[in-house]
Amino acid sequence: MTAGQAKDPGSGRLDGTVALITGASRGIGRAIAHAYAAEGASLCLAATDRAKLEEVEAALGLPAERTMVLALDVTDRDACFAAVERVGQRFGRLDALVNNAGIYISHTFLDYSAQDFQRLLDVNLFGVIHLMQAALPGMQSRGYGRIVNIASTAGKWGSRNQSAYNVSKHAVVGLTRCVALEAGATGVTVNAICPGFVQTDMVENLKRQYATIGGADADAVVKAALARVPMGRVLDPTEIAGLAVYLGSRESSGMTGQSILVDGGMLLC
Ligand code: NAD
């Protein structure tokens, strides 16, 4: 089953939950949207491309009162605050925020421009900052909230040719810990997921960019990458979505500040 086809009826683990998912137009975000829908959540699907979001919304097949679509650039702080406001107006509150939107740019450290660093930080880090600052006050005043940040294995170790991306994801892991500490007593949990290689447009982009830098073809890049993964395969986006459901639900009430690897065992060795 691919993310685009998920029709699992679920078992109501997110019944009554109102969730905002960024980067929901494709890849991991779309898979999370399908899993959240199947588990009973009401959804605000956000990303830059409204038409793609509408396709995802149509594929979800939810009743109109359980979905909304929002064209949102997460680098726009005012728009992030307005998005949380819109969710509140539509559904009455926001229970779960999934900060999934992200971009990837690969270069050697010396070839990265300052603009590349800035762009990666603007999307991958500041998008998370803006939305957490917008969502937390309401969650805290209601005494309940779930924040799920999609970081990366790149937030936990060093890797060649993507230092700026790794910096952005290390920052998300650190931010997750710090905000979890401050929110600890308020009923709001803040956790992160650190995926390894997942079959999405981003990983196709990674293959192309790595191949350009290393002078290898994309197949050789994949072979070298998978040699580091004990499971020996690229993960499916649905394999990230399962943990996102757990972290977005009441089941995960006892954990906060964690950044959990879903990487086929990649960082074991
Ligand atoms: P993708 O490129 O397939 O999808 C990215 C999504 O983010 C799209 O919906 C896109 O529209 C959205 N987006 C990008 N910039 C945005 C912006 N400024 N404002 C709003 N939305 C924006 O990527 P993916 O692989 O599904 O990645 C999702 C998340 O998972 C990212 O944070 C990524 O860093 C992380 N991740 C992916 C992998 C992987 O192997 N695919 C591995 C580790 C971490």
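Pick out, in residue order, every one of the chymotrypsin sites (Phe, Trp or Tyr not before Pro) in segment 84-193 that is DSSP loop and has at most 14 other C-beta atoms within 10 Å; say none if there are none. Hits after loop and neighbour filter: Trp157.
Taken about its Cα centre, the chain carries a charge dipole of about 400 debye when Lys and Arg each add +1 at the Cβ and Asp and Glu each add -1 at the Cβ. Computed per residue of the chain from DSSP H runs no shorter than four, each worth -39500 (n - 2.57), the mean residue ellipticity at 222 nm is -13500 deg cm²/dmol.
Computed over the chain with a Gaussian network model linking Cα atoms closer than 10 Å, the most mobile of Ala96, Ala225, Ala114 is Ala114. In the chain, the portion of solvent-accessible area held by carbon and sulfur atoms comes to 53 percent [1.4 Å probe, whole percent, DNA, RNA and ligands not counted].
In this structure the amide hydrogen of Gly145, modeled in the peptide plane, comes within under 5 Å of the amide hydrogens of Val188, Thr189, none closer than 5 places in sequence on its chain.
If r is the Cβ-Cβ distance from Ala51 to Asp78 and R0 is 25 Å, what FRET efficiency results, to the nearest 0.05? The pair Ala51/Asp78 has a calculated efficiency of 0.60. Of the residues Thr200, Pro137, Tyr104, the one whose Cα sits farthest towards the positive end of the charge dipole of the chain is Pro137 (charges of +1 on Lys and Arg Cβ, -1 on Asp and Glu Cβ, taken about the Cα centre). Once the 1.4 Å probe is applied to the protein heavy atoms, the chain comes out at 44 Å² accessible per residue.
Counting only aspartates and glutamates at least 8 places from Lys223 when in the same chain, those with an alpha carbon closer than 14 Å to its own are Glu204.
Here is the size of the chain from its Cα atoms: Rg then Dmax, 17.7, 54 Å.
Between the helical axis of 27-38 and the longest alpha-carbon principal axis of the chain there is an angle of about 30 degrees.
In order along segment 200-214, phi translates into HN-Hα couplings of 9, 4, 5, 6, 5, 4, 4, 4, 4, 5, 4, 4, 5, 5, x Hz, rounded to whole numbers, per the Karplus curve 6.51 cos²θ - 1.76 cosθ + 1.60 with θ = phi - 60° and x for Gly and Pro. One Cα centroid belongs to segment 36-66, the other to segment 181-251; the line between them spans 22 Å.
Only sites in a loop by DSSP and with at most 12 other Cβ atoms within 10 Å count here; which trypsin sites (Lys or Arg not before Pro) in segment 192-240 make the cut? If you can, show how the numbers build up before the last one.
Values: sites: Lys207, Arg208, Lys223, Arg228, Arg233; in loops: Arg228, Arg233.
Hits after loop and neighbour filter: Arg233.
If you average 1/r over every pair of different alpha-carbon atoms in segment 61-124 and take one over that average, what Kirkwood value in Å do you get? Each step should come with its number before you reach the end.
Working: mean 1/r = 0.0701 Å⁻¹.
Averaging 1/r across every pair of different Cα atoms and inverting gives 14.3 Å.
Give me the percent relative contact order of segment 145-213, please, defined on Cα pairs under 8 angstrom at least 6 residues apart.
Details: 75 pairs, mean separation 28.3, N = 69.
In percent, rounded to a whole number, it is 41.
Put a dot 7 Å past the Cα of Asp219, heading toward its Cβ, do the same for Cys269, and the two dots end up 2.3 nm apart. Any idea what angle helix 238-248 forms with the longest principal axis of the chain, computed on alpha-carbon atoms, 0 to 90 degrees, nearest 10? Roughly 40 degrees, rounded to the nearest 10.
The values are calculated or read from the model by the stated rules, or taken from the named source; none is laboratory data. Given the structure is predicted, the values throughout are model-derived calculations rather than measurements. Neighbour counts run over all protein chains shown; Cβ positions are idealised from the backbone, glycine included. Heads up: the accessible areas ignore ligands, DNA and RNA and are worked out on the full protein's heavy atoms, side chains in. Shrake-Rupley method; radii C 1.70, N 1.55, O 1.52, S 1.80 Å.
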